[in-house]
Amino acid sequence: MPTTLRIALLAGLLALVCNFAVIGFIYYQTHDEALATVRRQVVEQNKVLSDVYRTGGKAALDDAIQDTLTYADPQSAVALLRPDGREITGNLQTVAPTIIALEEGYQNRLIRLRGQTTPREAALILHRLPSGEWIVSGRIAGEGLAIRQTLERSLLIALIVAVLLGLFCGLILAHYVGRRISDIATVANRISARDLSQRVPLSGAGDAFDQLGQQINAMLDRISALMSELTLLTDSLAHDLRSPVSRLRAAAHAAAESPDAAEQEELLGSVIRQADSLMRILSAVLEISRSEALTGRKQFNWFDVGELAAELVEMYDPLADEGGARIEYDRPSRPVPLFGHRQLLAQALSNLVENAIRYGSSGREIRVSVGPGERLIQVEVADRGPGIPAERRAEARRRFGRLDSSRSDEGAGLGLALAEAIAHLHEGQLKLEDNGPGLRTILELPVHSQQARPA
Amino acid sequence: MGRKILLIEDDRETASYLAKGLGQEGHSVEQATNGQDGLFRATDGSFDLIVLDRMLPGLDGLSVLKALRAAQIDTPILILSALASVGDRIEGLECGSDDYLVKPFSFAELLARVNALLRRRESRIDPTDHRLTVGDLEIDPLSRTVRRAGKKLDLKPREYLLLEYFARNEGRVVTRTMLLEQVWDYHFDPGTNVIDVHVSRLRRKLDEGFEKPLLHTVRGAGYMLAA
């Protein structure tokens, strides 16, 4: 069964149930009220006649019935029946026991009174006398029931109309929902068929479907970005690993062939160095993936970024000094608290400083600063080296995106990528800017990222 | 001075290589190849050191570690792991291990750390503010002053910490990663020779002008302070 039809039927069914409940309520209310009044009158009449018989006997009863027939209102039914049901006196046109059940108590029956043309519903009470005859006290339910019949008819019609309308609305609704969903499903299908460029069309109404569509589109954007990054990564990983692996193989081969013990030791040392450098590349790649997978959130803590930067500057100052450069640090006068992963941020910042020393210094100044803000903290490392032209900055952030391909040994070109991954872990970003001349790398971190809120 | 070391490692090749190496250093090595067995052997607390692989069949290394610490067994534990990320290392240390070494490692690195841990256990009873001496070098941890042959050396705070760490591991190899972890408390692998630069600065202040050098470079492993 197609979804559209199912939704329409469901809507119809729901309309039916709801209307049925309402109509049922009205029906019982009116029905019960009309009958209850009539019944009260009948019970009263029966009681009067029974009392008359008890006190005055058969003769008094006959008189009372005659009086009732003469003076009572025309809605009233009264009769004295023989034990077999035939009428002795009374105004019943309908004869027991064909219509009226000869039994003690209350019953509802369609009866015709003498002088009337149509049978009408009446409430009756039969009471058996000790002699075997039956007193019948009754009353035509009359107007109350007549209104009820009209009402019943109207309610039935209303019910049918409501169900039809429900089905109709259901069909419209189902069609609308189905169309919106099928838009999304179509996109999902195309994506399954490996066309990641598809996007869910948005109606612009900003409703739940649009929100779903936006979510899916955002997810797709992220997936395609990751996919292309992954492809690039595997390509460059394969490319970058090839040369150390072949160097390692050559050194191992030469060591195995060499007859000279000293030379052999030398070559084996080189094998170990090559293996170490391979390991370093692999663990850096792993580290980036893990930062991106948002691991280690539980290791988030409050700490002073100003102090962390001071520590790293102190650590790297001698290294910069060896290269003839100087690290200047403008330490903020007050602590700069940040909720984050101290170790990873230390690693990110040390990567930036190492980069500045490696590529940007040669006798000049490296400036480190921490800019405290209400919501954002900016940790900046600025060098006076050649910098990176604006059009190549995206390339520089990528894994293995080392711009100077002639450097084969130091740095696998993962520094900026790792720093960026760590910034993302803190819901911040890594900015590369021109320092005129030189490069400014800025870690921009929210003081307290939403997801990293301590439990 | 041989010590009792428990090696919990499922990879037979690594285990026999390590057992052989530690045996040659004069330690007696007992081996377990899975977590349950290792935990069982370790619970009598008779070992001086436990070398524990993080990834084990059955009960994994961290569970063994937690179980031992929960049972109040304070034998020093060195974790070996192929999980190299900073987060993993810190998680390992936070679970109660005393040191964390990432695979693959050089045997020299492992040995240096094993010796440092054994040494730490030995010196646990010593008050930490005790005066340290190495040859004609004298260190007073309370006032943080250093004298060599009676002459006061002017060290920066970090250089002092570096020297104190060397002195507490006198005669033992200390690797670059150990220095980075213990003196700076950083657990990542810097891509530069930043540690060597610090050590060579310290060496200049420590050994320059003296006939006999105290701070030695151990090729392929790290450094050692010895008279």
Highest-MSF residue in chain B out of B:172, B:12, B:54 [GNM, Cα springs under 10 Å]: B:12
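Tell me, what are the semi-axes, in whole angstrom and largest first, of the equivalent ellipsoid of the range A:1-108 as set by the roots of 5 times the Cα gyration tensor eigenvalues?
Values: eigenvalues 476, 50, 24 Å².
They are 49, 16, 11 Å, listed from largest to smallest.
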5 angstrom amide H check on residue B:100, placed H, neighbours 5+ away: B:79
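Name the helices (complete DSSP H segments) of chain B with a Cα length along the long axis of 27 Å or more and a Kyte-Doolittle mean of at least -1.0, or state none.
Going by DSSP H runs, there are no hits.
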Inter-label distance for residue B:13 and residue A:203, nm, one decimal - labels placed 7 Å from Cα along Cα-to-Cβ: 6.2 nm
Rounded to the nearest 20 debye, dipole of the range B:99-227 from Cβ charges on Lys, Arg, Asp, Glu: 100 debye
Farthest positive-ward along the range B:4-125 dipole, Cα basis, beta-carbon charges - from B:46, B:18, B:105: B:46
³J(HN,Hα), Karplus 6.51/-1.76/1.60, whole Hz, each residue of the range A:79-91, x for Gly, Pro: 6, 10, 10, 5, x, 8, x, 6, 7, 8, 9, x, 10
Using alpha-carbon coordinates, inclination of helix A:208-257 to the longest axis of chain A, degrees: 30 degrees
Å³ per residue enclosed by the Cα convex hull of chain A: 326 Å³
Estimated dipole of the range B:4-125 in Debye, rounded to 20 [Cβ of Lys and Arg +1, of Asp and Glu -1, Cα centre]: 280 debye
FRET efficiency estimate (nearest 0.05) - Cβ-Cβ, residue A:215 to residue B:130, R0 56 angstrom: 0.30
Loop-exposed GluC sites (Glu not before Pro) per DSSP, neighbour cap 13 Cβ within 10 angstrom, longest uninterrupted part of chain A: A:105-373
Sequence-distant residues sharing a close amide H with residue B:145 (under 5 Å, placed H): B:140
With at most 11 other Cβ atoms within 10 Å, longest stretch of chain B clear of loop GluC sites (Glu not before Pro) (DSSP): B:1-207
Using θ = phi - 60° and Karplus 6.51 cos²θ - 1.76 cosθ + 1.60, couplings along the range A:57-68 (whole Hz; Gly, Pro as x): x, 4, 4, 4, 5, 3, 4, 4, 5, 4, 4, 4
Cβ-defined net charge surrounding residue A:255, 15 Å radius [Lys, Arg +1; Asp, Glu -1]: -2
Tilt relative to chain A, helix A:342-355 - C-alpha long axis, 0 to 90 degrees, to 10: 40 degrees
Cβ-based net charge around residue A:44, under 14 Å, with every Lys or Arg adding one and every Asp or Glu removing one: +2
0 to 90° range, to nearest 10: angle between helix A:261-292 axis and chain A longest Cα axis: 30 degrees
FRET efficiency for residue A:390 and residue B:208, using Cβ-Cβ distance with R0 set to 35 Å, rounded to 0.05: 0.15
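Pairs of Cα atoms under 8 Å, at least six residues apart: use those to get the relative contact order of chain A, whole percent. Mind showing how you got there, number by number?
Numbers: 653 pairs, mean separation 49.1, N = 455.
After rounding, I find 11 percent.
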Size of electric dipole in the range A:3-147: Cβ of Lys, Arg +1 and of Asp, Glu -1, about Cα centre, debye, nearest 20: 340 debye
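Give, to the nearest whole percent, the P(r) tail of the range B:4-125 beyond 16 angstrom, counting all Cα pairs. Walk me through the numbers on the way to the answer.
On the way: 4156 of 7381 pairs.
Tail of the P(r) past 16 Å holds 56 percent of the pairs.
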Principal axis dimensions, largest first and in whole angstrom, of chain B by Cα: 57, 38, 31
Residue with peak Gaussian network fluctuation, chain B [Cα springs, cutoff 10 Å], from B:78, B:137, B:111: B:137
Inter-label distance, nm, simple model (7 Å from Cα along the C-beta direction), residue A:242/residue A:54: 11.8 nm
Extended-chain gain in nm, criterion 0.36 nm per residue less alpha-carbon gap, residue A:101 and residue A:157: 16.8 nm
Gain on full stretching of the segment that runs from residue A:227 to residue A:179 - 0.36 nm per residue minus C-alpha separation: 14.3 nm
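Just so you know, all these numbers are worked out from the coordinates, no wet-lab data involved. Everything numeric here is computed off the predicted structure, so don't read it as measured data. Glycine gets a Cβ as well: all are built from the backbone with ideal geometry, and neighbour counts include every protein chain shown.
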